[in-house]
Each structure stands twice: as C-alpha cells, then as structure tokens.
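The values are calculated or read from the model by the stated rules, or taken from the named source; none is laboratory data. This structure is a prediction, so every number in the text was calculated from the model and none was measured. Don't worry about glycine lacking a Cβ; one is built from the backbone with ideal geometry, like all the others, and counts go over all protein chains shown.
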Amino acid sequence: MSGRRILIVDDEPDLRRLLADTLAARGYVVETAGSGEEGLRKGALFLPDLVLLDIMMPEMDGFSVFDRLRERPAGLTCPIIFLTARHDIEDKLHGFEQGAVDYITKPFYVRELLARVRVHLGESRPTQSDVPNPMTDRELEVVRLLAGGKTYKQVAHALGLSQSTVRNHLHNVYRKLGVADRAQAVIISRENGWI
C-alpha cells in the first residue's frame, strides 16, 4: 500500500467522492475539500504529497488557491495537478506557468488520472484496473442500454420507466462522471470496464 497523502480540492461532491474512493482503494491517504478556503486549511494541516485542484470554484478559483498553497503558512512544495473543465490553451499555459506539474481536463479517464498521479509521485507500480463505479445499478442499466444503441423511449420501455425518469438518471450520471453528454458517459464507462 502506498500511504502517500493526496488532497482533492473540487466543489463537485460526486467527483470528490469518486476520486477519493478510487485513490483510497489504491492505498493513498485522501483528504477532500469542497472550496478553496477549505483546501487552504486542509493543505496546511494535512501536508499532502500531491494536490488535485479544480480551477472553476466559487469565491476563490484554483489559480488563487495554488498561489496561496505555495505561500506560508502552508508552504506546500508538493506536485499540484489542475483538474478542470477549462480546455482553453491560455488556461493550460497559465497553469503550467504558475508551476502546476500537470493539467487534466474533464471529462477524464480515471485510469489515466491514476497513471499521472503515480508518475508525479514517482511510483512505478502498475495501477489496478478495478476503478470504483460511482453509478447506481439503475443508472448503469440506463447507460448500458444507451451504449447498445437504444433510444430514450426504448430504454424507458425496457426498464418500465418514463422517458423523463431516464433523462433524470442520465443527468445524475453526467454529474457523477463530470461529463456533458451520453457519448462521453458511455466512453468513460467502457474505458473503466463498468459496461
């Protein structure tokens, strides 16, 4: 088991939970924060070996949190990886110029993120392939049927649900996986072996 300490700072609770469960399953000691201020407090107390930091958060963005984590009293020198939905090249360049070791855009493959974490922590052991599935059984069924080419109406009929309920399940899936559409949800689910 690794025992290395990772701090996750992201305002999306489902994503924090997915990352925390995935990293903890691989032996990392994980602490999470739902805001920049909370991230600063936990960074100073937890003293992580690596930080996964969202950029778009209310009140204090990730760039500001990054600067303050590097200052005293936290004074962190560990690798910081930006994990964000911002795809703009200027944002990426700004992140690297600021000193981030990596910049991962959402949606992302969990196995890829784990590989990048290992690289930045200097670990050489291979990752396990059993990434925890954050979806409920029903949500997984919906994604599986949509991946098979079924329409919303066909999925609703097959599962005895209304089309509106199918859409609600999908909305939950998008939120949990940090994706924007069903194609991305299907790709991530296949990549991680959930369907």
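How many of the residues making up the range 158-168 are in contact with a helix residue (DSSP H, G or I) (Cβ under 9 Å, 6 or more places away or on another chain), of a type outside the set (A, V, I, L, M) and either crowded, with 17+ Cβ neighbours inside 10 Å or not in a loop (DSSP other than H, G, I, E, B) (or both)?
The total comes to 4.
What's the number of the only condition in (1) closer than 18 Å to R26 by Cα; (2) touching a Leu at 6+ places or on another chain (Cβ under 8 Å); (3) hydroxyl-bearing (S, T, Y) that S189 fails to meet?
All conditions pass for S189, except number (1).
So the check is Cβ under 6 Å with 6+ separation or different chains; which pairs have a first residue in the range 50-67 that's within 12 Å of I104 (Cβ to Cβ) and a second one that's buried (at least 16 other Cβ atoms within 10 Å of the Cβ) and among the hydroxyl-bearing types (S, T, Y)?
D54/T84; I55/T84
Just to be sure before I move on: is V9 over 15 Å from the mean Cα position of the chain (by Cα), buried (at least 19 other Cβ atoms within 10 Å of the Cβ) and touching a residue at least 40 places away in the same chain (Cβ under 8 Å) in the structure I sent?
In short, no.
Does the range 146-153 contain any residue that is more than 20 Å from L23 (Cα to Cα), touching a residue at least 24 places away in the same chain (Cβ under 8 Å), in a helix (DSSP H, G or I) and over 19 Å from the mean Cα position of the chain (by Cα)?
Filtering the range 146-153 down to residues more than 20 Å from L23 (Cα to Cα) leaves 146-153.
Okay, now just the ones that are also touching a residue at least 24 places away in the same chain (Cβ under 8 Å), so 146-147.
Now restrict to residues that are in a helix (DSSP H, G or I): 146-147.
Among the residues that remain, those that are also over 19 Å from the mean Cα position of the chain (by Cα) are: 146-147.
Yes, the range 146-153 contains a residue that is more than 20 Å from L23 (Cα to Cα), touching a residue at least 24 places away in the same chain (Cβ under 8 Å), in a helix (DSSP H, G or I) and over 19 Å from the mean Cα position of the chain (by Cα).
Which one is nearest to K106 (Cα to Cα) among residues in the range 8-20 that are outside any helix (DSSP H, G or I) and in contact with a helix residue (DSSP H, G or I) (Cβ under 6 Å, 6 or more places away or on another chain)?
D10
Just give me the residues in the range 62-83 being of a type outside the set (A, V, I, L, M, F, W, C) and surrounded by 20 or more Cβ atoms within 10 Å (Cβ to Cβ), in sequence order.
Hits for the range 62-83 are G62, P79.
Within the range 169-189, track down each residue that is part of a helix (DSSP H, G or I), out of contact with any Asp or Glu (no Cβ under 9 Å at 6 or more places or on another chain) and closer than 18 Å to L15 by Cα.
Within the range 169-189, H171, R182, Q184, A185, V186, I187, I188, S189 meet the criteria.
Give the range 135-157 a look and list any residue that's among the hydroxyl-bearing types (S, T, Y) and crowded, with 17+ Cβ neighbours inside 10 Å, or say none.
Answer for the range 135-157, where residues must be among the hydroxyl-bearing types (S, T, Y) and crowded, with 17+ Cβ neighbours inside 10 Å: just Y152.
Among D91, D21, D10, D54, which is the only one that is among the charged types (D, E, K, R), touching a Pro at 6+ places or on another chain (Cβ under 7 Å) and in the same structural domain as L113 (by TED's automatic domain parsing)?
Residue meeting the stated conditions: D21.
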